[in-house]
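Trainee: Here it is, the structure in full.
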Amino acid sequence: MKRFFKFLGAIATAATLLVSCNDDEIEQILAQVAFDKASYEIAAEGGELSVKVLVTVDWTAAIAAATSLDIIDGITLPVESGKGSSEPIEIVVKFAANEGFDRTVKLSISGGGVSGSCTITQKGSAVREMEQITVAEFLEKPEDASIYYKLRGVITSISNATYSNFNLKDIDGDATIYIYGLGYESDPANQKVELLTKEGIQEGDIITIASTRGSYNGTPEGMNSYYISHEKSATPMIKLDKETYEASASGEEFVLNVTSNIVTWTLSADVDWLTFEPATGNESTAVKVTVSAGEGGTGTITLSADGLDPVTCVVTRADLTVLTIEEFLAKPDDDNKAYQIGGIITSIVMDKDDATKPNKYGNFYIKDHTGEAYIYGLLPEKGGAAGQDVLTEKGLKVGDFVSLAAPKSSYKEAPQAKNAWLLAAYPAKTLSEFLALEDDATKSVFYTVSGKVSSIVMDKDDATKPNKYGNIYIKDADGVELYIYGVLDWEGQRANFESLGVKEGDVITGYAYKSSYKEAPQAVNLQPVLIESAEPVKTWDYTPSEAYLAEDNVWKPIFDGNFEKYFYYFCDGADWNGTDTETTTVPFLTKKESTYEVFIEKATTQEWQNQFFVFPNEGHFVPFVAANTYKVKVTFGSDKDTRGFIKLSQYVDGTAKHEGACIQEVGAFTLEALTPKTIEFTPITGVDCANINFIMDFGQAPAGTTIYIKDITVIEVVPGTGIPDYDPITGFEL
């Protein structure tokens, strides 16, 4: 027959099997010890208590005090051993009357390699007073989470106001213990209640608590503590929670906590760019300090009170205003005003004579989460000579994060940073390379990493939202995974991960230092620079515009009839490729609706390394007449962020490219992924030519880029034809 015993307690298995037989069956039972309850109680009067237990092996029983405070005199076991059984047995424990404090005994049963235990508590007629001891005596006590001691001492420092972590010192001695959290007696385990703040307790006050003796990494601590009472200090004192503070040049506010006792205090500063609210008071206060905008400088905040030594906080204001790239590009041009910007190097202009090394002047692009900037020249230091090949000397490469100081300038109305100098650089590492790094004990050596977010650690109290610190895993294309222990927000603040809107599948790029936890490598406090969304990318809209479809657009018949010819060439590193003469077929070109779709297989690094010409074929020329006006516009797009260039030239015979005199150059422009950009030429007049030639360049486009050239529109306006000043179909101002 089968039996099922519903018991609590320790259950263990062993190789030995007990065998009992009857006429019909052999029953095999695993070796085990199982109590029907984990704990029992008996009254102060004492008597016999029967404990029911299933023990299938030969056994011995023993009793012992549950804690060092339990006195178990008068508690006995009449039977201390027995044979195993397939049925529950009862073990009797005898208790004498207890005139002392409540006491607990531990009953243990073992045998055959297995064991189990339960506890029995006997009420007492006496009331136990918690033992009050000094901090010095507490330090000598053994660790025991079940025994509380009463401690009274002076709070010398508070390290965490939320959980009320503080250092407690003996009133008449130097012994100090760290109290790891403080709650109320009704719920000591709940210490996230800001108890010290709620009770108005501060450094210097005398507090009485109940605490158990524990430790952390071998260092004694008071744990599971709860509040009993406190006395305000009778000693005047003042204190600031910061000795130094670093402020940005753009101005900011920060909180400076003033702790005081029995005094009226005053705050002052030796510079006019520091102000306070409030500037005086007679109790502990959180003061709002305002740092005015301005570059450079050090100011000292002084807290003073009659009869006490002053205390200070030194505020250092940065020499440069820190801007995002978007903010930087919006600044007015000024060669004498530098700003601090940072970003990931996305491309480098290579040497025109050796495409394997950077241009010696240091021309490159950087990108942050707000935009991309062209860096026109990198100097060895502020005011240094140009052309010093700083990129090569510093070993900078695509993917590295750089922090730069640079003035804002423009070239042909395109904003740029000119003659920048390097402030810091954090080299890019693959995830495999990062994992192999030594741990950084200084927490100050940063590397750039990038990967797709493979999972996000969710909030322990609300599994529908991410952990506020941003603990995530990222994975690269090789399948290597890295744990990120904390992602900062754009401003570098912790515990604000949700503001970034990061989702699984997003690609995040930033810099962090290498550490380990329990020998597992991790990146700590990643400062994000780029977050690329995992949302499905937009698709290109091939639908022709009304302007393109207008009857007077002379380019539409060229496109529809395939009456174009092309010329192209590109450099994919050190080799030039392309056509030696005009062609009607381009292997990387497709046409759809009104769009020329150009696929760029390999990356290029400089302007004019990816040229594309299109012009009407013989028999279908588009001539310009000097007396007439021509309205020309083209819409561009790309599936990746890149840049382009366009100009319109006269067509001439006798050359491979048919490039004649320039009619009009629009110049370079930027393209945001799958965002159409319409380039409109200034109305053209006074030009006589037999045909036209659109000359475009997409040098510096990333590998695998698709360029869209859509809705080429050429409208001829003949004087005296009655055409209005504005064409509602084409959208041109006439």
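Trainee: With respect to Asp489, determine if the residue is over 30 Å from Glu665 (Cβ atoms) and touching a Phe, Trp or Tyr at 6+ places or on another chain (Cβ under 6 Å).
Mentor: When the stated conditions are applied, Asp489 does not pass them.
Trainee: Considering region 204-249 alone, what residues qualify as being part of a loop (DSSP other than H, G, I, E, B), of a type in the set (Asp, Glu) and under 21 Å from Thr134 (Cα atoms)?
Mentor: Residue satisfying the conditions is Asp205 alone.
Trainee: Show the residue pairs meeting these rules: Cβ distance below 6 Å; 6+ apart or different chains; first residue within region 326-342 and of a type in the set (Lys, Arg); second residue modelled with pLDDT of 95 or more and in a strand (DSSP E or B).
Mentor: If the second residue must be modelled with pLDDT of 95 or more and in a strand (DSSP E or B), the pairs left are Lys331/Lys408; Lys337/Pro407.
Trainee: A further question on this structure: Which residues, counting only those in region 248-289, are surrounded by 14 or more Cβ atoms within 10 Å (Cβ to Cβ) and β-branched (Val, Ile, Thr)?
Mentor: Of everything in region 248-289, those that are surrounded by 14 or more Cβ atoms within 10 Å (Cβ to Cβ) and β-branched (Val, Ile, Thr) turn out to be Val258, Thr259, Ile262, Val263, Thr266, Val271, Thr275, Thr280, Thr285, Val287, Val289.
Trainee: Checking the condition under 19 Å from Gly153 (Cα atoms), in the same structural domain as Thr312 (by TED's automatic domain parsing) and not charged (D, E, K, R), which residue from Asn282, Asn261 passes?
Mentor: Step by step, each of Asn282, Asn261 is checked, and only Asn261 is under 19 Å from Gly153 (Cα atoms), in the same structural domain as Thr312 (by TED's automatic domain parsing) and not charged (D, E, K, R).
Trainee: Exactly one condition in (1) under 53 Å from the mean Cα position of the chain (by Cα); (2) part of a loop (DSSP other than H, G, I, E, B); (3) surrounded by fewer than 13 Cβ atoms within 10 Å (Cβ to Cβ) is not met by Ala64; state its number.
Mentor: Of (1) under 53 Å from the mean Cα position of the chain (by Cα); (2) part of a loop (DSSP other than H, G, I, E, B); (3) surrounded by fewer than 13 Cβ atoms within 10 Å (Cβ to Cβ), only one is false for Ala64: (2).
Trainee: Going through region 637-677 one residue at a time, which ones are part of a loop (DSSP other than H, G, I, E, B) and buried (at least 17 other Cβ atoms within 10 Å of the Cβ)?
Mentor: Across region 637-677, the qualifying residues are Asp639, Lys640, Asp641, Lys657, His658, Leu674.
Trainee: Given Ala385, Ala463, Ala425, which one is aliphatic (A, V, I, L, M), closer than 26 Å to Ile531 by Cβ and exposed (fewer than 15 other Cβ atoms within 10 Å of the Cβ)?
Mentor: Checking each option against the conditions leaves just Ala463.
Trainee: Among the residues of region 364-380, are any at pLDDT below 95, farther than 23 Å from Leu671 by Cβ and surrounded by fewer than 14 Cβ atoms within 10 Å (Cβ to Cβ)?
Mentor: No: zero hits.
Trainee: In addition: Of everything in region 612-636, what is farther than 18 Å from Phe559 by Cα and crowded, with 21+ Cβ neighbours inside 10 Å? Give them in sequence order.
Mentor: Phe624, Tyr630
Trainee: If you check every pair at least six apart or on different chains, which have Cβ atoms under 9 Å apart with a residue in region 229-241 that is within 15 Å of Ile207 (Cα to Cα) first and a residue that is hydroxyl-bearing (Ser, Thr, Tyr) and part of a strand (DSSP E or B) second?
Mentor: Pairs that qualify, where the first residue is within 15 Å of Ile207 (Cα to Cα) and the partner is hydroxyl-bearing (Ser, Thr, Tyr) and part of a strand (DSSP E or B), are Ser229/Thr208; His230/Thr208; Glu231/Thr208.
Trainee: OK, next. Of (1) touching a strand residue (DSSP E or B) at 6+ places or on another chain (Cβ under 7 Å); (2) modelled with pLDDT under 95, Ala293 satisfies all except one. Which?
Mentor: With (1) touching a strand residue (DSSP E or B) at 6+ places or on another chain (Cβ under 7 Å); (2) modelled with pLDDT under 95 applied to Ala293, the lone miss is (1).
Trainee: Is it the case that Thr235 is surrounded by fewer than 16 Cβ atoms within 10 Å (Cβ to Cβ) and over 19 Å from Ala175 (Cβ atoms)?
Mentor: yes
Trainee: Which pairs do you get when a residue that is in contact (Cβ under 8 Å) with a residue 60 or more places away in the chain and in the same structural domain as Asp70 (by TED's automatic domain parsing), found in region 99-115, comes within reach of a residue that is in a loop (DSSP other than H, G, I, E, B) and of a type in the set (D, E, K, R), reach meaning Cβ atoms under 7 angstrom, with the pair 6+ apart or on two chains?
Mentor: Listed by first residue and then by second, the contacts come to Gly111/Asp58; Gly112/Asp58.
Trainee: Taking region 588-613 as the region of interest, how many residues are in contact (Cβ under 8 Å) with a residue 24 or more places away in the chain and part of a strand (DSSP E or B)?
Mentor: Going through region 588-613 one residue at a time, the tally reaches 12.
The values are calculated or read from the model by the stated rules, or taken from the named source; none is laboratory data. Here the structure is a predicted model, which means the values were calculated and not measured. FYI the Cβ positions are ideal-geometry reconstructions off the backbone, even for glycines, and counts take in every protein chain you see.
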